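Heads up, the thing below is written out as structure tokens.
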Amino acid sequence: MTLLSSLLAQTGFSDADILALLRLEDETDIAQLRQAAFEVATREVGNSVYCRGLVEISNLCVRDCLYCGIRKSNHAISRYSLDAQTVIEAATWAARTGYGSCVLQAGERQDAAFVRFIEDCVREIKQRTISETLPQGLGITLSLGEQSLETYRRWFNAGAHRYLLRIETSSPALFARIHPREQSIKSRLQALADLASVGFQVGTGVMIGLPEQTLEDLAADIRFFADRDIDMIGMGPYITATGGAMTDESMMPSHDLLQLSLKMIAVTRLVLRDVNIAATTALQTLAADGRERGIAFGANVVMPNMTPVEARANYQLYDGKVCLNESREECSGCLARRILSVGRHVGHNAWGDSKHYGRRNDARDTPKNSLQSRQR
Ligand code: SF4
């Protein structure tokens, strides 16, 4: 057995192991890493890839993240907010199409009208999507930024059960470098803790290839996911955004950036094992087959876009976002082909929840957790 083979066969990884895997450069070694991550994914989370139909509800945002194309200081884009009927119609289409889950995403807002709007949409989607194939309705993931504990509770009680809140980097120095002064990593960490305390399946993730980011930073990010008992991971390459405040800083060459992003997926799979990991759309900006390569490196979730085509061009967190003009029907067929092409099945009519979430709750023996009883 080679050194690499024995490293890949481990079930526990030190920080030095993680770093050694992220440092792999030889194509044969990377292929071996990919194969190991694919096998662990198959064993731990199964052969299905789950679709979360994505609705980008609004590009209004009160934040000013320096890397983001829809930050509040970008006055060059048209701002939009979908009405409730459009959001609910998109979600019911997802349910009819067999996606099993949707993601409601928007720029960050904490005002009362927005909180109520989301609460009403979630409740309505739940009610309207209960069927024989989805007896508990569509699974709902929210990706709506930092909110108060009370808001998280309201949205959870309305029926959402997963929440994605990317930390972008676990390095306090790097976090401070890419956010304005009023945003703190401390409050992001508190929000992640609040989400878990409410009962959400908690997702987070980081940007890969940030200026001045080191491999040690990325290895620490993976350790952070493990230490925080994170259920779902959504990582993406750092791609510059017109309208962001970091356009003068160069990004990594596409090939290197894609390779590093794929290695991050694979190593995260090896270390965390039973979590859900998304093959994010940004991978496809770097290579036409970026998302299927993400699946081949251990991802098991994709997010087909269901936002009305007229709105999509104004929801570009980074440049070069793909699938801006395809209808949701086209996205659905295209993604299914991509999933099949790498030997996975599409997980139809199932929430596809994080196995890690189930196990960590079992371990804590919390039968009172209402979500668990709803799911089983
Ligand atoms: S990353 Fe999110 S919170 Fe930050 S500016 Fe963009 S949409 Fe707003």
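What follows is calculated from the coordinates using simple rules that are stated; it is not laboratory data. Values in this document were obtained by computation on a predicted structure and should not be read as measured data. Cβ coordinates were reconstructed from backbone atoms using ideal geometry, including for glycine residues, and neighbour counts include every protein chain displayed.
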> How big is D for segment 1-58, in µm² s⁻¹ as a whole number, if Stokes-Einstein is applied with the Kirkwood radius of its Cα pairs at 25 °C and 0.890 mPa s?
Replying inline: 181 µm²/s
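Give the whole-number value, in cubic angstrom per residue, of the convex hull volume spanned by the C-alpha atoms of segment 114-241.
Working: hull volume 16.6 nm³, N = 128.
For segment 114-241, the hull spanned by Cα atoms encloses 130 Å³ per residue.
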> Taking only DSSP H segments of four or more residues, each worth -39500 (n - 2.57), what value at 222 nm results for the chain once the sum is divided by all its residues, to the nearest 500 deg cm²/dmol?
Replying inline: -14000 deg cm²/dmol
>> Calculate the FRET efficiency for Thr2 and Ala363 from the Cβ-Cβ distance with a Förster distance of 41 Å, rounded to the nearest 0.05.
In response: 0.75
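Subtract the Cα-Cα distance of Ala176 and Arg123 from 0.36 nm times their separation in residues, and report this length gain in nm to one decimal. Walk me through the intermediate numbers first.
On the way: separation 53, 0.36 × 53 = 19.08 nm, distance 3.64 nm.
Here the answer is 15.4 nm.
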> In whole angstrom, and with the biggest value first, how far do the Cα coordinates of the chain range along each principal axis?
Replying inline: 57, 48, 39
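State which helices in the chain qualify, where a helix is a whole DSSP H run, it must extend 15 Å or more along its own axis by its Cα atoms, and its mean Kyte-Doolittle hydropathy must be at least 0.5.
185-198, 254-272
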> Taking only C-alpha pairs under 8 Å that are 6+ residues apart, what is the relative contact order of segment 31-375 in percent?
Replying inline: 25 percent
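Pairwise over distinct Cα atoms, reciprocal of the mean inverse distance: report the Kirkwood radius of segment 218-352 in Å, one decimal place. Before the final figure, lay out the partial values.
Working: mean 1/r = 0.0630 Å⁻¹.
The answer is 15.9 Å.
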> Using a 4.7 Å Cβ cut-off, which Cys residues in the chain lack a partner cysteine?
Replying inline: Cys51, Cys61, Cys102, Cys121, Cys323, Cys331, Cys334
> Sorting His179, His161 on the 10 Å Cβ count, fewest up front, what's the list?
Replying inline: His179, His161
>> Just want the ordering: Arg228, Arg188, from fewest to most Cβ atoms lying within 10 Å of their own Cβ.
In response: Arg228, Arg188
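Round to the nearest 0.05 the FRET efficiency obtained for Asp229 and Arg116 when R0 = 45 Å and r is the Cβ-Cβ distance.
Approximately 0.90, to the nearest 0.05.
Restricting to the chain, compute how many DSSP beta bridges are antiparallel as a %, nearest 5.
On the way: 1 of 30 bridges.
For the chain, the DSSP antiparallel bridge percentage is about 5.
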>> Run the simple label-point estimate for Val62 and Gln35 please: 7 Å along Cα→C-beta, distance reported in nm.
In response: 5.2 nm
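Provide the convex hull volume over Cα atoms per residue for segment 209-253, in Å³.
Details: hull volume 4.2 nm³, N = 45.
It comes to 94 Å³ per residue, whole-number rounded.
What's the longest uninterrupted piece of the chain once you rule out the GluC sites (Glu not before Pro) that are loop residues per DSSP with at most 10 other Cβ within 10 Å?
Longest stretch, sites excluded: 183-376.
What is the dipole size for segment 31-375, taken about its Cα centre, with +1 at each Lys and Arg Cβ and -1 at each Asp and Glu Cβ, in debye to the nearest 20?
600 debye
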> Per q in 0.25, 0.27 1/Å, what log10 I(q)/I(0) does a Debye calculation on the alpha-carbon atoms of segment 306-363 return?
Replying inline: -1.00, -1.05
> Using the 10 angstrom Cβ neighbour count as an exposure proxy, how do Leu3, Leu21 rank, fewest first?
Replying inline: Leu3, Leu21
